[in-house]
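Please treat every number below as a calculation from the coordinates, not as lab data. This one's a predicted model, so the numbers in the text were calculated from it and none came from an experiment. When we count neighbours, we look across all protein chains shown, and the Cβ atoms used for this are built from the backbone with ideal geometry, even at glycine.
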Amino acid sequence: MDSTKKVIKLKVNGEAYEVAIKPRMTLLQLLRNELGLTGTKQACMDNSCGACTVIVDKMAVKSCSILAMQVNGKEITSVEGLASKDGKLSPLQESFLEHSAFQCGFCTPGKLMSSTAMLEEMPDPTEEDVRRDMEGNLCRCTGYVQYLEAIMDVVGKRKEAAK
Amino acid sequence: MGNVSCPIRLQTKTEVYMRPGYLGDLESFIDSSKFEYLEPNSLQEACSILARYKEKARVIAGGTELIPLIQQGKARPDCLINLKSIPNLQFVETYSDFGEEGIKIGSGTTLFDLGRSAIINEKAAVLAEAINQREFRLNRSRWAYYMATIGGCLFSPERAADIAPALMVLNAKAVRQGIQGWETMSMQDLFTADSEGGVYEILGEIRIPKQQESEVGLAYEKGPATGDGSSIGVAVFLRLDLKHVDVEEIRIVVGGIGNAPIESREGPAIMTGNPIDDHLIIDAADMAAEEVCGASDAEIIEKTRELIEEAIRHAIDRSIGDFALGY
């Protein structure tokens, strides 16, 4: 093994991995280049666009801006881990489809991960909460209305189901 | 054909149009950002490493500030010291020792945890207010707070505008660990000491002394950035006399103008000992803005003046409480 490499252990989408990596590798590079999980997108590389958002221990983070070394021992969920093993989409994924909340789709994985983490922490957000929480995820083609509608639809359906 | 021509086009485009950040996946770029990565077990060990590598080492906790700079080739450390490996750097606790009471915050505590901390919201609400109004210039999502730590925040270029003014009006103290031992200093001294070379100390915790229960108004206001500049943050501490008429004490700290927060002397000087009055508030805001902004352009002075005036009015309202007259 390359002597400059270090071994980290982590769980990605429920699967345990032990990977030897160079310390300078970002979490984004680990997911895409080492584990082949290319659903997480690389775009700005400076923490500004949110396309690379993944969930680390239930919190959304920009994977371009943290080192893979920093997630040693942690549990990661990328967009590939949202659907169940039998291929059933998550309620947010379904809602994004229903509301056509994407056009080119490049930013969609990041938006899905941010909104998934948000609903995990805040099950009943207001529109204002959603707008604020999604500020870090940029979209350059669809706009932001459909995303908001898709997320609020999931919130509404959850409320209905809880009655 | 496509396989052959594509890399050539990419190469040309990369050299001419793309920003360095876009080279993140290319081996040539990756090789240029080599560094040794170390995970110390204690602050003392981290200080020893810092002393060994000197300015060639950089410290990270959340890494939200430095990692993008490394990606873009704007920072090229030989050694990266990750403080997250040090146990017991993430805490928010009350303390009571040597007759002094207050809150202590570990430097590795994330802004996310601080913003949601019941202790902070109850006993140092102005800090929670500053955190919740904080905007990363490039990443406005509050998810950024999950990685960003209060320690890292105080040593980032935007530190002056955000957390520091609130900590300063709370009279917070910084406790730094060096190779020889601990050192406690004011927040103002923390920024000055940082610019003096040759001292390899690391911020361990921040101590906020217990605040007075009543008659005190603490407020934080923040304005958006002007042009390429940092956004401006203003924190105000104000104590009225028991009749809620005269200003007994006022402190105004402004961040975002220059590298470190500036505490106004002239604004408080004209308010202290005088009854609250609309003209007095406006005059104090004028003087404080002129004083802290110095030779800044008129737009920045006006924005600062507005923020100071608003923060003073909020602080008055809060110190009067239920009797607020809408100052």
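Structure above, values below:
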read-out	value
Full-stretch length increase - B:K34, B:V216 - with 0.36 nm per residue and alpha-carbon distance subtracted	60.4 nm
Gyration tensor verdict on segment B:219-320 (Cα atoms; rounded if a/c is under 1.5, prolate if a/b is larger than b/c, oblate otherwise)	prolate
Shielding by other protein chains, A:19-32, mean Cβ within 10 Å	3
Computed E for A:S84/A:V7 - FRET, C-beta separation, R0 25 angstrom, nearest 0.05	0.25
Spacing of the two label points (7 Å from each Cα toward its C-beta) at A:E127 and A:E18, in nm	5.3 nm
Average other protein chain Cβ within 10 Å of Cβ, residues B:59-67	4
Proximal lysines to A:K88, defined as alpha-carbon separation beneath 29 angstrom and excluding residues fewer than eight positions away on the same chain	A:K9, A:K11, A:K41, A:K58, A:K62, A:K74, A:K111, A:K157, A:K159, A:K163
Label-point separation in nm, B:D78 to B:S96, each point 7 Å along Cα→Cβ	5.0 nm
Distance in nm between pseudo-label sites at B:I282 and A:K58 (7 Å out along the Cβ direction from Cα)	5.2 nm
Förster radius 35 Å - calculated FRET efficiency between B:K54 and B:S186, Cβ distance, rounded to 0.05	0.85
Spatially proximal lysines relative to B:K104 (Cα-Cα < 16 Å; intrachain offsets below 8 disregarded)	B:K123, B:K173, B:K210
Segments A:21-33, B:98-110 sorted - mean Cβ within 10 Å per residue, highest first	A:21-33, B:98-110
Ascending count of other beta-carbon atoms within 10 Å, so fewest first, for B:I312, B:I262	B:I262, B:I312
